[in-house]
1. Need the failing condition index for Thr35 against (1) touching a Pro at 6+ places or on another chain (Cβ under 9 Å); (2) exposed (fewer than 15 other Cβ atoms within 10 Å of the Cβ), just the number.
2. Report yes if some residue within segment 28-37 is assigned to a helix (DSSP H, G or I) and among the charged types (D, E, K, R); otherwise report no.
3. Can you give me the number of residues within segment 79-107 that are among the small types (Gly, Ala, Ser), closer than 27 Å to Glu6 by Cα and surrounded by fewer than 13 Cβ atoms within 10 Å (Cβ to Cβ)?
4. When the residues of segment 18-29 are narrowed to those that are modelled with pLDDT of 90 or more and of a type outside the set (S, T, N, Q), which ends up most open to solvent (accessible area, probe 1.4 Å)?
5. Taking Lys131, is it farther than 19 Å from Leu3 by Cα, open to solvent by 100 Å² or more (accessible area, probe 1.4 Å) and modelled with pLDDT of 80 or more?
6. Assess whether Glu6 counts as being farther than 16 Å from Arg105 by Cα and open to solvent by less than 60 Å² (accessible area, probe 1.4 Å).
7. For segment 43-78, how many residues meet the condition of being open to solvent by 60 Å² or more (accessible area, probe 1.4 Å), touching a strand residue (DSSP E or B) at 6+ places or on another chain (Cβ under 8 Å) and not in a helix (DSSP H, G or I)?
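The values are calculated or read from the model by the stated rules, or taken from the named source; none is laboratory data. From a predicted model like this one, the values you see are computed outputs, not experimental measurements. Note that each Cβ is placed from the backbone with ideal geometry, even for glycine, and that neighbours are counted across all protein chains shown. These accessible areas exclude ligands, DNA and RNA; they are computed on the full protein's heavy atoms, side chains included. Shrake-Rupley method; radii C 1.70, N 1.55, O 1.52, S 1.80 Å.
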Amino acid sequence: MPLLGEAEHPSDKPSGRPNYLETVVRWTSVNFDGTQVLHEGSVLETSKGKDILALLEGGVLPGISQRGYGEAQTIKENGQTVEEITALTITGYDLVLEPSDPEARITILESVEEDKTMNVEELKKLISENKE
């Protein structure tokens, strides 16, 4: 199963659960460079994905927030109570308006042009219009 993302966390929606039809992004690569998590992926052209694409084209860059579940243990350290994560299963990275980490945002957008197949008449017209 590919690593997917929704528009906002499922827990912030009425159902509270992930929903297949709410998927807006498919992550193709997720790497940790020792400092930050770096993502590569594609926005899917679902009805909500098209809305995300319109926002991106308008310069609105969403935050990214990790979704998962796991186990933690509470420990006391130097007079402070700390929760230490002992197991974590990442189930997705969602596009959100306000990520808990303000630096967790889309920073680079690349558009991949679709291959356009031309027929002979279209090719002749293009050549005649661009003689140089």
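1. (1)
2. Checked against the condition, which is being assigned to a helix (DSSP H, G or I) and among the charged types (D, E, K, R), segment 28-37 yields no hits at all.
3. Total meeting the criteria: 2.
4. Only one residue fits best here, namely Arg26.
5. For Lys131, the condition - farther than 19 Å from Leu3 by Cα, open to solvent by 100 Å² or more (accessible area, probe 1.4 Å) and modelled with pLDDT of 80 or more - is not met.
6. no
7. Selection size over segment 43-78: 7.
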